[in-house]
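Asker: Below is a structure I'd like to ask you about.
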Amino acid sequence: MSQFLSQNQLTAIADEFGTPVYIYHAEKIAEQYQKLKEAFSQQDVVIFYACKALTNVSILRYIKSIGANVDCSSINEVKLALHAGFPPEKVLYTSNGIAFEEIEEAKNLGVHINIDSLSNLEKFGKKFGHSYPVGIRLRPNILAGGNLKISTGHDKSKFGIPVDQLQMVLNCVDENNLFIRGLHIHTGSEIKEVDVFVKGIEKLFEIIPHFNELEFIDLGGGFKVPYKEGDTETDINLLAQKVKDAFASHPNPGYKPLQIWFEPGKFLVSSAGYFVTKVNVLKESGSTIFAGVNSGFNHLIRPMFYDSYHLIENISNPAGPEKAYTVVGNICETDTFATDRKINEIKEGDYLVFYNAGAYGFEMSSNFNSRLKPAEVMVKDGKAMLVRKRETFEDLLRNQVEV
Ligand code: LLP
């Protein structure tokens, strides 16, 4: 039975902690992690949670406790992961476009590093030579992902070193006696077709023979999760089978076995998260009714930024007759969460819950319009715990220098 929080539990938490509030269900994260572990149990696969999806330290601690490693996309994420108790060998920093000083800092912290530019690779080689193993982030020139904004592996993308520059990479590795431990690719987010990963593996097969100290290949994250009825999740069991088959038909028989790394973000935390808001105002207009909630794109930007769909339910009146509502926020800009969406009849003061809010929800929130960031609550063993306080007015003034 899949783990979920009931509408009564969500209502009780909203009553206790106020709204808007992000709620994370720990056991659901564990369930998603177990799915991956079981699917890949026959293979040497390591899962690094892409923590850019959700970095709350209590969540990081929980994810550490279930055995996952962690993938970071900034030095501060690295520091948060270490702060949460991950040992450096379980921390990966997949960098993109960063200053060399940040790579040095990561090296000093002893974590794994994937370098994504020729210039940083060269600087790293000049300074550290063979003494510190690194991975190389390559751009495989594969178009994949739910939409262009979240596609990262195509031939116009800024991410990684283009595979067609392999010769330059090899020259740099040779000249600087670099210790290349891994090759990394990440093609995008919300990848449904498992063949995208197979394509990536096949690209890497052409490159792997050039590196004789390789220990892993890192296939990134991007597994799709269902957001609405009829949506499907990436078939992880099929993926595991196809990855196994791909390696079984490796063009270089007798190759050294390599560990496979994945970096899922959404897959682990998206469905574990709920965002509960309260309806401030109802406004009738022509054929629709606006339901204005006490939130906006300052708290959940995905619908406006990516046209993402989030299922919305009225947990205060779940049996009421359905009507069409346009759910909007209170930000002084157009911030439409859903247009003409069928929702059980809404009264002012009702709680509306947004599902799939665990990944890139709170994490992409801001203080736009000088509004405060919501509280975060984690539910574990049936117990709801505050894991981030709601901001206060003082937080808006903190760090301002008044002259
Ligand atoms: N690894 C790398 C190198 C990445 O760039 C990303 C995501 C991941 C792993 C994890 O991808 P995931 O498994 O979460 O799809 N904010 C957007 C998603 C942007 C993803 C950026 N990189 C959204 O809300 O849809």
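Asker: Please list, ordered by first then second residue, the pairs with beta carbon atoms under 6 Å, 6 or more apart or interchain, first in the range 136-149 and over 15 Å from Tyr306 (Cα atoms), second in a loop (DSSP other than H, G, I, E, B) and within 8 Å of the ligand (Cβ to nearest atom).
Answerer: Every condition considered, the pairs that remain are Arg139/Phe159.
Asker: I'd like to know if the range 170-178 contains one or more residues that are within 16 Å of the ligand (Cβ to nearest atom), in the same structural domain as Leu258 (by TED's automatic domain parsing) and buried (at least 19 other Cβ atoms within 10 Å of the Cβ).
Answerer: No, the range 170-178 has no match at all.
Asker: Still on this structure, I have one more. For the list (1) of a type outside the set (Val, Ile, Thr); (2) surrounded by fewer than 20 Cβ atoms within 10 Å (Cβ to Cβ); (3) near the ligand (Cβ under 10 Å from one of its atoms), I need the number of the one condition that Gly286 fails.
Answerer: Result: Gly286 passes all but (3).
Asker: Restricting attention to strands (runs of 3 or more DSSP E) lying wholly within the range 329-403, give those where 2 or more residues are of a type in the set (A, V, I, L, M) and free of Cβ contacts under 8 Å to residues at least 60 places away in the same chain.
Answerer: It comes to 336-344.
Asker: Another question, then. For residues that are open to solvent by 30 Å² or more (accessible area, probe 1.4 Å) and either within 13 Å of the ligand (Cβ to nearest atom) or more than 27 Å from Ala384 (Cα to Cα) (or both), tally how many sit in the range 47-71.
Answerer: 1
Asker: On to the next question. Does the range 212-227 hold any residues that are of a type in the set (D, E, K, R) and open to solvent by 10 Å² or more (accessible area, probe 1.4 Å), and which are they? It would help to see each step written out before you state the result.
Answerer: Residues of the range 212-227 that are of a type in the set (D, E, K, R), as a first pass: 213, 215, 218, 224.
Scanning the range 212-227 gives Glu213, Glu215, Lys224.
Asker: Can you tell me which residue in the range 133-156 is nearest to the ligand (Cβ to nearest atom), limited to those that are among the β-branched types (Val, Ile, Thr) and out of contact with any Asp or Glu (no Cβ under 9 Å at 6 or more places or on another chain)?
Answerer: Across the range 133-156, the extreme among qualifying residues is Thr152.
Asker: Then there's this: Does Gly145 satisfy being open to solvent by less than 50 Å² (accessible area, probe 1.4 Å), under 23 Å from Gly200 (Cα atoms) and touching a Pro at 6+ places or on another chain (Cβ under 6 Å)?
Answerer: On the way: open to solvent by less than 50 Å² (accessible area, probe 1.4 Å): yes; under 23 Å from Gly200 (Cα atoms): yes; touching a Pro at 6+ places or on another chain (Cβ under 6 Å): no.
Criteria not met by Gly145.
A quick yes/no check of all residues on (1) closer than 30 Å to Val46 by Cα; (2) among the aliphatic types (A, V, I, L, M):
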site	(1), (2)
Lys266	yes, no
Gly273	yes, no
Lys278	no, no
Val293	no, yes
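Asker: Could you tell me whether any residue of the range 230-242 is part of a loop (DSSP other than H, G, I, E, B) and within 13 Å of the ligand (Cβ to nearest atom)?
Answerer: Within the range 230-242 (the criterion being part of a loop (DSSP other than H, G, I, E, B) and within 13 Å of the ligand (Cβ to nearest atom)), the answer is yes, since at least one residue qualifies.
Asker: Within the range 345-382, restricting attention to residues that are within 18 Å of Val225 (Cβ to Cβ) and open to solvent by less than 20 Å² (accessible area, probe 1.4 Å), which residue is farthest from the ligand (Cβ to nearest atom)?
Answerer: Filtering the range 345-382 for residues that are within 18 Å of Val225 (Cβ to Cβ) and open to solvent by less than 20 Å² (accessible area, probe 1.4 Å), the one farthest from the ligand (Cβ to nearest atom) comes out as Val353.
Asker: Would you point out which residue out of Phe205, Phe247, Phe197, Phe275 is within 18 Å of the chain's Cα centre (by Cα), assigned by TED's automatic domain parsing to the domain that holds Tyr49, in contact (Cβ under 8 Å) with a residue 24 or more places away in the chain and open to solvent by less than 40 Å² (accessible area, probe 1.4 Å)?
Answerer: Working: Phe205 fails: within 18 Å of the chain's Cα centre (by Cα); Phe247 fails: within 18 Å of the chain's Cα centre (by Cα); Phe275 fails: assigned by TED's automatic domain parsing to the domain that holds Tyr49.
Matching residue, one of Phe205, Phe247, Phe197, Phe275: Phe197.
Asker: Mind checking which residues of the range 72-121 are open to solvent by 40 Å² or more (accessible area, probe 1.4 Å) and at positive phi?
Answerer: Within the range 72-121, just Gly97 meets the criteria.
Asker: Go through (1) open to solvent by less than 50 Å² (accessible area, probe 1.4 Å); (2) at pLDDT below 95 and name the single condition Phe124 misses.
Answerer: In the conditions (1) open to solvent by less than 50 Å² (accessible area, probe 1.4 Å); (2) at pLDDT below 95, Phe124 misses (2) alone.
Asker: Given the criterion more than 14 Å from the ligand (Cβ to nearest atom) and among the aromatic types (Phe, Trp, Tyr), identify the matching residue among Phe124, Phe159.
Answerer: From the options Phe124, Phe159, the qualifying one is Phe124.
Asker: I've got another one for you. Identify the residue in the range 321-344 that is buried (at least 18 other Cβ atoms within 10 Å of the Cβ) and among the aliphatic types (A, V, I, L, M) and, among all such residues, is farthest from Asn298 (Cα to Cα).
Answerer: Ile343
The values are calculated or read from the model by the stated rules, or taken from the named source; none is laboratory data. All figures in this text were calculated on a predicted structure; none of them were measured in a lab. Note: ideal-geometry Cβ built from the backbone for every residue, glycine included; neighbour counts use all protein chains shown. Accessible surface areas use protein heavy atoms only, side chains included; no ligands, DNA or RNA. Shrake-Rupley method; radii C 1.70, N 1.55, O 1.52, S 1.80 Å.
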